[in-house]
Each structure stands twice: as C-alpha cells, then as structure tokens.
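First the structure, in the form of structure tokens, and then the observations on it.
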Amino acid sequence: MYDVIVVGAGPCGNMAALGLADQGISVAVLDWRTNIGDKLCTGIIGRECAELFPPAPEHIHGEARSATIVSPHCRRYRIERSETQAYIVDRAAYVDSVAERAQGAGAQYILDTRVMDVSVGDGKVEVTARSDDALTKYSCRIVILASGFGSPLLRMVGLGQAKQDEYLVGGQVEVAAPDLKEIEVYLGSDTAHKSFAWAVPLADSRALVGMAPRRRVEGQMEGFVERLRSDGRIGEAAGKAQTWGIPIRPISPSYADRTLVAGDAAGLVKPTTGGGIYYSFLSGRIAAGAAQEAIESGRYSARELHGYEREWKAVFGRELRIGYYARMLYETLSDEQIERLMDEFLSDGTITDYVGEDVAFDWHSKVILNLLRHTSIRRVLATLGPSAAPFAARLMQVRG
C-alpha cells in the first residue's frame, strides 16, 4: 500500500515522484519501459525550463541562439538573438536524471511492468500490472496518470469522455549531419501536412530530422529526408523513422475520484510546436502538490481534486488556449499565404520590430500577442478568408 502510485516514468511522472518523495510520501512509479526517459522527442528545452530544472552539462548537446525557417517555396529566413533561447539536450539522460533524484529521495521504481487495469474504490485505488506474464496488484490512496498520449487508463477511472481527438503525428529519425550548425524549420503542405518539419543538430555530427503533421501522409517523411539528403543538408539515416502521437488540446476534466491526470496524458503540450518537456515538468510538480494536499486532508473525491486543474490552468492554461487558436489559424493558410506572410514579416530581420527581443521559447503566447498588437498584422489577418476568421477572432478576444 503506497500513498501514491505514478503510472509513467516520463518527465511528468518523474517530477511528480520527486516532489512527493521529497516530502516523505511513499510513492511507486510503474512503467513498461526498462530505460527511463527513452521516448521519441527532439529534446529542445527553453531557457526558463533549463533554469528551473537544470540539465547536467554533459546532457546538453548545444545551445540555440538562431534558427533558419524555410518557406514553402524554399526561401530561407534566418532569425538570430543575442542570447541563448533554448538548449538541445539528451532527452533520455535528462529525464532519467530526475528519476535518479526521485529514487534517491525514496521513490520506488517498478520497471518492465505494464499497467493493465486501474480500479478506484471507496478507500483505495488498485493498480493491476503485468510483468513476465505474472499479474501483480498494487494499492494506493491516489494515482497520478502520467502514462502518455492516448492512454487507455483514463477510461478505467471514469474519464472515457475526455477523448484526445486532436493531435499531431510526430515522426523522427537520427541522421548524419556534419554540416548542420543550427535548427532548421521547414514549412509547406508538401513538407508536413498543416504543420512543420525540422532538422536539429546534436553532438558528434548527428542530427534529428522529423515532422509533426496533422495526419500521416504516405511517403511524406521519407520524401523530406531524401530532400535534405539531395540538398546536402544531411547524410545517411541511422535506421527507420519512428512515430508517436502528440496531443494539441488538453482534456477536461483532468481529474477523477482519487485520480490526477498530467503531462501528455492530459494533453498538456504546447499546441504550436508539440513540445512537452517543460509543461510535463510543471504539471508533474502541480500534481504532486495536489496529491500531497489530498493525503493531508484525507479528501480524494473528484470535487475535492478539481483544484488541481484550476492550478495548472492558472499557470499555463491561457498559453495552451492561445497556442491552440494560433495553430488552428495557421492550419487554414495556403502555401501562398504562408509565403506572403513570411516575406512581409521575416524579411530583413523585421520580425524583431514586431515581437521585440524579449521573447520566451516556452511561452509562445507572448510572441503571438505581440504580433497582434500591430495594425499591419491585423490587416493581413483580415484578408485570409472566412476559414481563418473564427480563429483570428478568438485570438483577438484573448488578447483583449
């Protein structure tokens, strides 16, 4: 019998376990993987994330002060800042380091164990897990589901109505790239359906090449890799591309009796880019605080736990909302409209005039709202057509 069981040893689950174990609360973390943190991810974190949750120096592949954005017509626009905006990290090692700290504080990790069932009763939660063809039952006072996008466990705790029906299809492969020096972002319908693709340099002349389209398009990932290879941007790929789902809208409610849902499982991901590490850390920390409060008060009903959702919404709920409307607006644009916008606002470094120097990698709403303050931007939005109008209007309403 544990105070808390955390399902999922990703950034969210590990941060929740660390927060609880630091307070002397008995916590077990169950995960089907054997290598903690080993999940598909580009591994880019912003400066604020690095300050709050510092990666070890050996886990940092490089710093990012600039990036090149490639338009649908292959025009290249370079954006550069005077200070570091983000860090490219070894995602697996970074996430595992949080798990090591949690274990050092007393959290128990039970790996190579797949959770098959979660049953919430009057006095406890019973978690059934399979390992080596044997079923084991674990009990706790409250469970934190940090089990990733599309987790079937949500239905088991009564959140079957909270479907994650809006998502991206991420795909990524590691390649040789001795000449790639900075992050490159590629736009256009022929590149990634209603989204974008990337090339991110790592250490040792390697890079991650990937995309996050709205839906899988046969041959699109392979075509993008071949395009970069033909252009001399990359060399050979190390294996086949892997795919994963990325939610772009949070579920609600993200809690039930004796249950908190956090991280990707709750859809707490940046809708603009699909980045999830920072918000996973934040939601894991918030979930740990909510679980501790429930244990101290002895109150575990959904009504008593709804403050958890209120808290994460206060921290980054507005960010998710603005990012979602901005993404939906982008998805209405044709390649020609994207080309025209990039030419108008990225040529000659004019983007700085619109968003300023003080931008935050992990808080895209600031950039979006800064853009909306300019009459020329609003004038362009008004010309994008009826499909874009509802999302442009929503953004203007949020801006106030």
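The values are calculated or read from the model by the stated rules, or taken from the named source; none is laboratory data. Note that this is a predicted model, so its numbers are computed, not measured. When we count neighbours, we look across all protein chains shown, and the Cβ atoms used for this are built from the backbone with ideal geometry, even at glycine. Remember, those area values only see protein heavy atoms, side chains included, never the ligands or the DNA or RNA. Shrake-Rupley method; radii C 1.70, N 1.55, O 1.52, S 1.80 Å.
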Practice task
Could you list all residues from the stretch 242-300 that are polar (S, T, N, Q) and closer than 25 Å to residue 89 by Cβ?
Solution key: 242, 243, 272, 273, 280, 283
Exercise for the section: Could you check, for the stretch 129-149, whether at least one of its residues is under 22 Å from the mean Cα position of the chain (by Cα), of a type outside the set (Lys, Arg) and more than 28 Å from residue 285 (Cβ to Cβ)? Expected result: no
Handout entry: Verdict on residue 81 being out of contact with any helix residue (DSSP H, G or I) (no Cβ under 6 Å at 6 or more places or on another chain), at negative phi and at pLDDT below 95
Key = yes
Exercise for the section: Would you check if residue 34 is among the hydroxyl-bearing types (Ser, Thr, Tyr) and open to solvent by 30 Å² or more (accessible area, probe 1.4 Å)? Expected result: yes
Handout entry: Qualifying helices (runs of 4 or more DSSP H) (wholly inside the stretch 1-120; at least 3 residues being touching a Cys at 6+ places or on another chain (Cβ under 9 Å))
Key = 91-104
Fill in the blank from the handout: Within the stretch 194-213, of all residues that are within 18 Å of residue 242 (Cα to Cα) and touching a helix residue (DSSP H, G or I) at 6+ places or on another chain (Cβ under 7 Å), the one surrounded by the most Cβ atoms within 10 Å (Cβ to Cβ) is 209
Exercise for the section: List the helices (runs of 4 or more DSSP H) that sit entirely inside the stretch 248-353 and contain at least 1 residues that are within 21 Å of residue 86 (Cα to Cα) and more than 23 Å from the chain's Cα centre (by Cα). Expected result: 335-346
Problem - In the stretch 165-193, the residues that are open to solvent by 30 Å² or more (accessible area, probe 1.4 Å) and in a loop (DSSP other than H, G, I, E, B) - result: 165, 166, 178, 179, 181, 182, 189, 190, 193
Handout entry: Neighbours by Cβ (under 8 Å, 6+ apart or cross-chain): first from the stretch 238-265, on the phi < 0 side of the Ramachandran plot; second acidic (Asp, Glu) and assigned to a strand (DSSP E or B)
Key = 238/174
Fill in the blank from the handout: If we ask which residues in the stretch 362-379 are part of a helix (DSSP H, G or I) and in contact with a Lys or Arg (Cβ under 8 Å, 6 or more places away or on another chain), their number turns out to be 4
Practice task
Please work out which one of (1) closer than 26 Å to residue 212 by Cβ; (2) surrounded by 18 or more Cβ atoms within 10 Å (Cβ to Cβ) is the condition residue 5 fails and give its number.
Solution key: (1)
